[in-house]
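Notes for the one structure printed next.
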Amino acid sequence: MRIDVLTVFPGYLAPLHESLVGKAIARGDIELGVHDLRSWTHDVHHSVDDAPYGGGPGMVMRPNVWGDALDDVLGTDSTLIVPTPAGRLFDQPAAAELAQRSHLVFACGRYEGIDQRVIDDAARRVEVRELSIGDYVLAGGEVAVLVMVEALARLRPGVLGNADSARLDSHSDGLLEGPSYTRPEVWRELAVPEVLRSGNHAAIQRWRRDESLRRTAQRRPDLLAAYPGRLDKHDQQVL
Ligand code: 6GU
């Protein structure tokens with residue numbers, strides 16, 4: 001898969017060369033290009049923004065520079081992703097879907113966003129997704145790109161050490177993951193739950209499911225409410 005990122009702060013994307021994503025790049029599973037949007041400017045001031053039509057605070061990124069940049073970077077197989085707090089929510093199903101694309105292009109806006117015609121024009125040629133990573137406002141799309149690229153990179157075959165760990169994650173079945181433990185058996189007078197040392201795999205599976213359900217009900221009742229059909233009789237007794 002190829003990933004291109006367009007930004008006025010290319011240094012923000014440096015962490016992509018670390019850890020799991022960095023290894024995927026080094027291995028050649030992911031090809032990464034980070035581009036300074038200002039290299040598509042022509043004026044001496046390298047300006048990328050202007051005052052909004054209709055008035056109001058802040059600045060809007062101008063369409064001409066973005067248009068030229070996207071003309072150069074988008075191909076026929078590209079998906080354009082525009083990180084914005086006004087987008088649809090980027091969640092685990094979205095990550096799984098994007099992990100299967102051949103070319104992702106991230107267009108990072110700063111200020112009050114990008115002139116909407118840039119997005120409308122690109123949508124005439126490629127699939128475009130305006131995506132938000134949660135209900136809070138960041139100063140720009142760069143950190144959201146770090147989040148999205150890490151979430152989708154770890155779903156690509158061969159990226160995780162243990163292929164099962166992606167399947168068993170929090171959110172992959174719509175529930176939160178329960179607690180985990182390792183040695184020692186007792187630490188600061190706190191013991192590992194007995195069932196995990198029982199060797200009874202059916203009991204362990206049931207316990208993990210119960211912990212998952214309890215935690216989800218307590219911390220994220222919205223997730224349970226979203227999929228009532230997935231809970232069997234035993235699940236409902238736990239809750
Ligand atoms: Cl994708 N961008 C910005 N600027 N703020 C956000 C966001 C994205 N997602 C949540 N807040």
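The values are calculated or read from the model by the stated rules, or taken from the named source; none is laboratory data. Owing to the predicted nature of the structure, the values given are computational and were not obtained by experimental measurement. Every residue, glycine among them, receives a Cβ derived from its backbone with ideal geometry; neighbour counts consider all protein chains shown.
For region 134-151, filtered to residues that are surrounded by 22 or more Cβ atoms within 10 Å (Cβ to Cβ) and among the β-branched types (V, I, T), the residue that is nearest to the ligand (Cβ to nearest atom) is V145. A Cβ distance below 6 Å, combined with a sequence gap of six or more or placement on separate chains, defines the contacts here; from region 226-239, residues that are under 12 Å from R214 (Cβ atoms) reach residues that are surrounded by 10 or more Cβ atoms within 10 Å (Cβ to Cβ) and at pLDDT 90 or above in the pairs D235/L213; V238/D210; V238/L213; L239/L213; L239/A217.
Here is a yes/no grid of residues against (1) basic (K, R); (2) under 24 Å from the mean Cα position of the chain (by Cα); (3) in a loop (DSSP other than H, G, I, E, B):
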residue: V137; (1), (2), (3): no, yes, yes
residue: A144; (1), (2), (3): no, yes, no
residue: A151; (1), (2), (3): no, yes, no
residue: L155; (1), (2), (3): no, yes, yes
residue: E177; (1), (2), (3): no, yes, yes
residue: R183; (1), (2), (3): yes, no, yes
residue: A203; (1), (2), (3): no, no, no
residue: R209; (1), (2), (3): yes, no, no
residue: L224; (1), (2), (3): no, yes, no
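Of the residues making up region 200-234, just one is modelled with pLDDT under 90 and surrounded by 14 or more Cβ atoms within 10 Å (Cβ to Cβ), namely L231.
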